[in-house]
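Asks: One structure, as structure tokens, below. Some questions next.
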Amino acid sequence: MEKRVVLPGEKIADGRAKIPHTFFDGEATYAEVIGTLDEEGRYIALESAYRPSVGDTIIGIVTNIRRAGYLVDLNLPQEGLIVGRDVKVKLQRGDIVMCRVKMVTEVGDTELGEVRRLPRGKVVDFPPSKTPRLIGRKSSMLNLLREHAEGDVMVGNNGYVWISEKSNIPLVLKAISLVKQKAHRSGLTDEMAEMLKKETQG
């Protein structure tokens, strides 16, 4: 069954629902941008820019070293900041990190915590609004991808995807492209499983 397209301003739930890219008017929750609603009532925005929220998991690339800490490319107009005292390892320019958003100021400055330096790998850009589909329910899509790629893959809420250099990188890129094109369709996990099986056994 195809997911139903939801237009901006369309009601998606009674009461307040804490869902990205929605707004609450006092009685119900409405879509802020175009998206889809599946048969279980889950809303996924299809076209929207990433806006950091406290607690988000993000993947970034260290771009500069400052006395106060490290500047990080977050796939946003503004870089994020890792305060030096919040990281246990010494970072270098070009290091790939996985962090959580610790604080977002009114002007959009983002402070990061729970910093983990990732091993060498490839970082690709993916539409942030479609990351829930790439991860899947209870990480089903992501675990499927890891299994067939025989390596680790991490997805940040900000749209950066890290692929371990030990993975089958061409296979992961093909899978990511499939999700990007068909995020609005039902049955995507089954289609992904069939594609991965064909690619790895063929």
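Asks: Does G69 satisfy being more than 25 Å from I163 (Cα to Cα) and not polar (S, T, N, Q)?
Replies: yes
Asks: Here is a follow-up. Restricting to region 29-88, give me the number of residues that are under 21 Å from P119 (Cα atoms), surrounded by 18 or more Cβ atoms within 10 Å (Cβ to Cβ) and among the polar types (S, T, N, Q).
Replies: Going through region 29-88 one residue at a time, the tally reaches 1.
Asks: Report yes if some residue within region 166-183 is in contact (Cβ under 8 Å) with a residue 40 or more places away in the chain, in contact with an Asp or Glu (Cβ under 6 Å, 6 or more places away or on another chain) and among the polar types (S, T, N, Q); otherwise report no.
Replies: Looking through region 166-183, none of the residues is in contact (Cβ under 8 Å) with a residue 40 or more places away in the chain, in contact with an Asp or Glu (Cβ under 6 Å, 6 or more places away or on another chain) and among the polar types (S, T, N, Q).
Asks: Give region 166-189 a look and list any residue that's surrounded by 13 or more Cβ atoms within 10 Å (Cβ to Cβ) and either within 15 Å of the chain's Cα centre (by Cα) or hydrophobic (A, V, I, L, M, F, W, C) (or both), or say none.
Replies: Going residue by residue through region 166-189, those that are surrounded by 13 or more Cβ atoms within 10 Å (Cβ to Cβ) are 166-169, 171-176, 178-180, 182-186, 188-189.
Matches in region 166-189: I169, L171, V172, L173, A175, I176, L178, V179, K180, A183, L188.
Asks: Test A68 against the criterion of being modelled with pLDDT under 90 and touching a Ser or Thr at 6+ places or on another chain (Cβ under 6 Å), and give yes or no. Break it down into steps so the answer makes sense when it comes.
Replies: Values: modelled with pLDDT under 90: yes; touching a Ser or Thr at 6+ places or on another chain (Cβ under 6 Å): no.
Answer is no for this residue.
Asks: Across region 117-157, which residue is modelled with the highest pLDDT among those that are of a type in the set (K, R), closer than 21 Å to G55 by Cβ and loosely packed, with under 14 Cβ neighbours inside 10 Å?
Replies: In the first step, residues of region 117-157 are kept if they are of a type in the set (K, R); the result is 117, 120, 122, 130, 133, 137-138, 146.
If we keep only those that are closer than 21 Å to G55 by Cβ too, we end up with 117, 130, 133, 137-138.
Among the residues that remain, those that are also loosely packed, with under 14 Cβ neighbours inside 10 Å are: 137-138.
Numbers: R137: 82, K138: 86.
Across region 117-157, the extreme among qualifying residues is K138.
Asks: Among the residues of region 30-87, which ones are out of contact with any Phe, Trp or Tyr (no Cβ under 7 Å at 6 or more places or on another chain) and among the aromatic types (F, W, Y)?
Replies: Matches in region 30-87: Y43, Y50, Y70.
Asks: So, A17, is that one modelled with pLDDT of 80 or more and over 29 Å from D109 (Cβ atoms) or not? If you could, list the steps in order and put the result at the bottom.
Replies: Working: modelled with pLDDT of 80 or more: yes; over 29 Å from D109 (Cβ atoms): no.
The answer is no for A17.
Asks: Is it true that A149 is closer than 26 Å to D38 by Cα and small (G, A, S)? Can you show your working first?
Replies: Numbers: closer than 26 Å to D38 by Cα: no; small (G, A, S): yes.
It is false that A149 is closer than 26 Å to D38 by Cα and small (G, A, S).
Asks: In region 107-196, which strands (runs of 3 or more DSSP E) lie fully inside it and hold 1 or more residues that are more than 21 Å from T57 (Cβ to Cβ)? Before the answer, list the steps.
Replies: Values: elements: 110-117, 121-125, 153-155, 160-164.
It comes to none.
The values are calculated or read from the model by the stated rules, or taken from the named source; none is laboratory data. Being a predicted model, the structure only gives us computed values, none of them experimental. We place every Cβ from the backbone using ideal geometry, glycine too, and count neighbours over all the protein chains shown.
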